[in-house]
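What follows is a short report on a single structure.
Read-outs throughout are calculated quantities, based only on the coordinates presented, and are distinct from any laboratory measurement. These numbers were taken from a predicted model, which means no experiment stands behind them. Note that we place each Cβ from the backbone using ideal geometry, even for glycine, and neighbour counts take in every protein chain shown.
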Amino acid sequence: TGTNFGKVLMKKLVTILTATAILSGGSAIAQEYKNQIKARQGVMWTIALNLGTLGAMAKGEVDYDAEAATAAGESIHGVSMVHLASLFPEGSDGGMNDGTTAKDTINSDTAGFNEKWAAFGVAAEKAATEAGNGKEALGPILGALGGTCKACHQDYRIPQ
């Protein structure tokens, strides 16, 4: 029975070591995606910050400033040129990782995702060229940007 006990103990040890390796591998995978998740969140935060600037001016919460509006529009346009799909590797979605609201459909429908990101880019380019043209230009700019954001978030973001 001592030999049998040794075999059972060895099987339990192998099982524990295997489980540990699998769990560690999962942590390594989550760690691997950490930079992509942070990068894409940085893109979204940059967009949100600059939309906030334009929105505050459009609502009259702050005085319209053509230079600041242009800078915000150009910043939005600048981040719209990031190849965003490359920051969503398979397995980096919110179903697999804490701290992200990305749906896994980004990977199963990359063409659709890229199409919506391109539409955002068109609206962002307009923001860059027209935000400095006066407060009255901001409404249409914000409407176009907001519409593209909503369309993408509807399909590719886990509701909050």
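Here are a few things to note about the model shown:
- Net charge over other residues, Cβ less than 13 angstrom from the Cβ of residue 132 (K, R count +1; D, E count -1): -3
- Each residue of the range 98-109 was assigned a 3J(HN,Hα) from its phi angle through the Karplus curve 6.51 cos²θ - 1.76 cosθ + 1.60 (θ = phi - 60°); the sequence is 6, x, 9, 10, 6, 7, 6, 5, 4, 7, 7, 9 Hz, with glycine and proline shown as x.
- Taken one residue at a time, the phi angles of the range 33-39 give Karplus couplings (6.51, -1.76, 1.60, θ = phi - 60°) of 7, 4, 5, 5, 4, 5, 5 Hz. Gly and Pro are set to x.
- The overall shape of the range 25-160, judged from the alpha-carbon gyration tensor, is prolate: a/c is not under 1.5, and a/b is greater than b/c.
- HN-Hα J in Hz across the range 126-136 - Karplus 6.51, -1.76, 1.60, θ = phi - 60°, x for Gly and Pro: 5, 4, 5, 8, 10, 4, x, 8, x, 4, 5
- Across 38/59; 103/126; 38/126; 38/103; 59/135; 34/150, pairs whose alpha-carbon gap is larger than 21 Å: 38/59; 103/126; 38/126; 34/150
- Cut-off under 5 Å, modelled amide H: who pairs with residue 157 long-range: 103
- Compactness relative to 2.2 N^0.38 Å, alpha carbon Rg of the range 56-112: 1.65
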